[in-house]
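Engineer: Right, I'll just put the structure down here and ask away after.
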Amino acid sequence: MKTPERIDLDVKQLDALLKRVKELLPPEDYELIKAMADTIYLLSQCVDNKAASIRRLLRMLFGATTEKTGKTIILPKNWTVV
């Protein structure tokens, strides 16, 4: 199974999509599609929140990344950074 393409929808777009689908599907199918869409939205929010928490934790532990070492340390011409 290949990795699906990520599609970013806001809440208004998702509601509009569900409204269009509701008219085309039997009620039990619509409820299933709505539950799947709600679950995907919830999981997406959790992933975004987790990523923000990890970035915040890294900043607390190591400070903000402001300069690169290669730009702050001058090495002799015959030295290389590995």
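Engineer: Applying the selection to the stretch 1-56, what residues are surrounded by 10 or more Cβ atoms within 10 Å (Cβ to Cβ), of a type in the set (A, V, I, L, M, F, W, C) and either modelled with pLDDT of 90 or more or touching a Gly at 6+ places or on another chain (Cβ under 9 Å) (or both)?
Structural biologist: Once the filter is applied, which keeps residues that are surrounded by 10 or more Cβ atoms within 10 Å (Cβ to Cβ), of a type in the set (A, V, I, L, M, F, W, C) and either modelled with pLDDT of 90 or more or touching a Gly at 6+ places or on another chain (Cβ under 9 Å) (or both), the stretch 1-56 yields 14, 16, 17, 18, 21, 25, 32, 33, 35, 36, 37.
Engineer: Within the stretch 58-66, does at least one residue satisfy the condition of being of a type in the set (D, E, K, R) and either at pLDDT 85 or above or surrounded by 10 or more Cβ atoms within 10 Å (Cβ to Cβ) (or both)? Explain how you work it out, then say what you get.
Structural biologist: Initial filter on the stretch 58-66 (of a type in the set (D, E, K, R)): 59.
Checking the rest, the ones that are also either at pLDDT 85 or above or surrounded by 10 or more Cβ atoms within 10 Å (Cβ to Cβ) (or both) come to 59.
Yes; the residues of the stretch 58-66 include at least one that is of a type in the set (D, E, K, R) and either at pLDDT 85 or above or surrounded by 10 or more Cβ atoms within 10 Å (Cβ to Cβ) (or both).
Engineer: I'm trying to understand the selection: among the residues of the stretch 67-82, which are at pLDDT 70 or above and either in contact with an Asp or Glu (Cβ under 7 Å, 6 or more places away or on another chain) or open to solvent by 100 Å² or more (accessible area, probe 1.4 Å) (or both)?
Structural biologist: Within the stretch 67-82, 74, 77, 78, 79 meet the criteria.
The values are calculated or read from the model by the stated rules, or taken from the named source; none is laboratory data. Please read these numbers as outputs of a predicted model, since none were measured by experiment. Methodologically, a virtual Cβ is constructed for each residue, glycine included, from the backbone with ideal geometry; neighbour enumeration extends over all protein chains shown. Just so you know, the surface numbers come from the protein's heavy atoms only, side chains and all, with ligands and any DNA or RNA stripped out. Shrake-Rupley method; radii C 1.70, N 1.55, O 1.52, S 1.80 Å.
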